[in-house]
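Contents: one structure, followed by commentary.
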């Protein structure tokens, strides 16, 4: 049986935003990898953490659960979560699951901003 794989990289960009680049498959097995990446992002003072999902190959319902866990962590830390690079298929999944109401969804990294802070 083939092991599902995810890879992440954390980087800071201008405007007080930390990006987690996600590539591979977002399933329940991605929980530890994505949690570690979020912890690294949260160790900064950036008010916004953005997920770059441009290289996302696959996501299932367990992967959606991992995203919900990240949302809870971000809310506790009073950080905003954003996502970009979503294909039309994944945009539809975000709409159906209402994740688009919790994440700030933009087309690409250039549209990220720290505006909207409370």
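Return a yes/no flag: does region 18-27 have any residue that is buried (at least 18 other Cβ atoms within 10 Å of the Cβ) and not in a strand (DSSP E or B). Yes.
In this structure, is residue 30 in contact with a helix residue (DSSP H, G or I) (Cβ under 8 Å, 6 or more places away or on another chain) and in a strand (DSSP E or B)? Break it down into steps so the answer makes sense when it comes.
Values: in contact with a helix residue (DSSP H, G or I) (Cβ under 8 Å, 6 or more places away or on another chain): yes; in a strand (DSSP E or B): no.
Answer is no for this residue.
The single condition among (1) modelled with pLDDT of 95 or more; (2) surrounded by fewer than 20 Cβ atoms within 10 Å (Cβ to Cβ); (3) outside any strand (DSSP E or B) that residue 45 does not meet is (1). Taken as a whole, the structure places residue 71 among residues that are assigned to a helix (DSSP H, G or I), within 24 Å of residue 110 (Cβ to Cβ) and under 11 Å from the mean Cα position of the chain (by Cα).
Please find, within region 48-63, the residue that is nearest to residue 18 (Cα to Cα) out of those that are surrounded by fewer than 18 Cβ atoms within 10 Å (Cβ to Cβ) and touching a residue at least 24 places away in the same chain (Cβ under 8 Å). Steps first, please.
Here is the first cut: in region 48-63, the ones surrounded by fewer than 18 Cβ atoms within 10 Å (Cβ to Cβ) are 54-55, 57-58, 60-62.
Subsequent filtering for residues that are touching a residue at least 24 places away in the same chain (Cβ under 8 Å) retains 54-55, 57-58, 60, 62.
Details: 54: 16, 55: 17, 57: 22, 58: 23, 60: 25, 62: 24 Å.
Top of the filtered list is 54.
Does residue 81 satisfy the condition of being within 22 Å of residue 13 (Cβ to Cβ), touching a strand residue (DSSP E or B) at 6+ places or on another chain (Cβ under 8 Å) and in a helix (DSSP H, G or I)? No; evaluated as a whole, the condition is false for this residue.
The values are calculated or read from the model by the stated rules, or taken from the named source; none is laboratory data. Remember, it's a predicted structure, so these values are computed and weren't measured experimentally. All Cβ positions, even for glycine, are placed from backbone atoms using ideal geometry, and neighbour counts span all protein chains on display.
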